[in-house]
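The values are calculated or read from the model by the stated rules, or taken from the named source; none is laboratory data. Just so it is clear, the model here is predicted, and its values are computed rather than measured. We place every Cβ from the backbone using ideal geometry, glycine too, and count neighbours over all the protein chains shown. Protein only, heavy atoms only, side chains kept; ligands, DNA and RNA dropped before computing areas. Shrake-Rupley method; radii C 1.70, N 1.55, O 1.52, S 1.80 Å.
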Amino acid sequence: MTTTTAIPARDITVRRPGIDHEQPLPKHFVADDPMRSHIAAMLSSVFPEGEDFFVRSVRAYRDRIDDPELSKQVKGFIGQEAIHGREHRDFNEQLSELGYPTLAVDGIIKRFLAFLHKTTPKSHQLAVTAALEHYTATLAEALLRDDAARAEFSTDEVRALFTWHALEETEHKSVAFDVYEEVSGRHLERVGTMLAVHVAFLGIMTSAVTVSVAKDRSAWRKLPRSILGLRTHPFFQRQVITRLLDYNRKGFHPDDHDTVELLEEWRARYEAGIAA
């Protein structure tokens, strides 16, 4: 069953952040903390190929979208995601020079998503994209709302990269979901796909962070305290986990998590040049 609900107007702006990826970066660039830095690095390492997969999944259904507002939002979504992938590729090159296995993880993700693209129906790929977009939107909102979390980034350039990305993920958080509802809308498929995404995403991230930390001898001495400190990590808080699980609710829509005022605040900050 497909949806017939009109899509509300949303402002999805394609920005070019102008981030200088040549600026010096300390090894542990998040709060001088190994675990937080390796988690951020491994998140960045999965973004480029992930963003490309999202674009392909949504673009495959462009000719089946009847709502003109949704068509316009898909165009904005594709533009934003393309630049996200480019910026994180540049950042991952910089992280690789510091010893992070970002390029190796990127290669693994590329092969995994290519396999998924060849072996699964387009509707399933779109459901995967909608599920992962809920992940990125939930984490993005947590970052934008937490001044302390943003302050942990050790350079203005890295802080600007993650806050810019978070703003645009919040702007287009409903697009892939709305396309899925437009062309499929099967609740059981959506929920089942999210269950698989939970397992795959957490498995990939846990493995990647473990390997990354194991290669970083400078982190070993700090690890016990760093691991204990994850109790206060903004992405591991109860509210974030509750938001992620809310996706399984029948009748769920990403707009149920109201971010209108948050977006107004961050758009104003960008216009004033104080986005980081």
Give the Rg/Rh ratio for the chain, taking Rg as the radius of gyration of the Cα atoms and Rh as the Kirkwood radius, to two decimals. 0.95
At q = 0.12, 0.18, 0.21, 0.22 Å⁻¹, what is the base-10 log of I(q)/I(0) for region 35-151 according to the Debye formula with one equal point scatterer per Cα and no solvent? Please give it to two decimals. -0.50, -1.03, -1.27, -1.33
Calculated from DSSP helices alone, with each H run of at least 4 adding -39500 (n - 2.57) and the total divided by the residues of the chain, [θ]222 nm to the nearest 500 comes to -22000 deg cm²/dmol
If you wrap region 74-122's Cα atoms in a convex hull and average its projection over all directions, what's the area in nm²? 4.0 nm²
Residue with peak Gaussian network fluctuation, the chain [Cα springs, cutoff 10 Å], from ARG145, ARG159, ARG190: ARG145
Are any of the pairs LYS110/LYS173; LYS72/LYS110; LYS122/LYS215; LYS72/LYS122; LYS27/LYS173; LYS75/LYS110 more than 26 Å apart by Cα-Cα distance, and if so, which? LYS72/LYS110; LYS122/LYS215; LYS27/LYS173
Cα lying deepest toward the dipole's positive end in region 117-276, options GLN237, ILE274, LEU262, charges on Cβ: GLN237
Over all Cα pairs of region 25-68, how is the pair count split among 5 Å bins, expressed in % and running from 0 up to the last occupied bin? 5, 19, 16, 12, 11, 10, 9, 7, 7, 4
What is the chain's relative contact order, in percent, from Cα pairs under 8 angstrom and six or more apart in sequence? 29 percent
Between the modelled labels at GLU22 and GLU189 (7 Å from Cα along Cα→Cβ) the distance in nm is 4.8 nm
Residue with peak Gaussian network fluctuation, the chain [Cα springs, cutoff 10 Å], from GLU51, GLU189, GLU168: GLU189
As a test of reading the structure, rank MET42, MET35 by solvent-accessible area (1.4 Å probe, protein chains only), most first. MET35, MET42
Could you give the size of the charge dipole of the chain about its Cα centre, using +1 on the Cβ of each K and R and -1 on the Cβ of each D and E, expressed in debye and rounded to the nearest 20? 1080 debye
D_trans [Stokes-Einstein, Kirkwood Rh over alpha-carbon pairs] for region 126-212, 25 °C, 0.890 mPa s, µm² s⁻¹: 170 µm²/s
Counted charge near ILE12, where neighbours are those whose Cβ lies closer than 9 Å (Asp, Glu -1; Lys, Arg +1): 0
What would the Debye formula give as log10 I(q)/I(0) at q = 0.08, 0.11, 0.14, 0.16 Å⁻¹ for the alpha-carbon point model of region 132-276, no solvent? -0.27, -0.52, -0.81, -1.01
Go through VAL213, LEU143, HIS84 and say which Cα lies farthest out towards the positive end of the charge dipole of the chain; charges sit on Cβ, +1 for Lys and Arg, -1 for Asp and Glu. VAL213
Probe 1.4 Å - accessible area at TRP220, Å² to nearest ten: 110 Å²
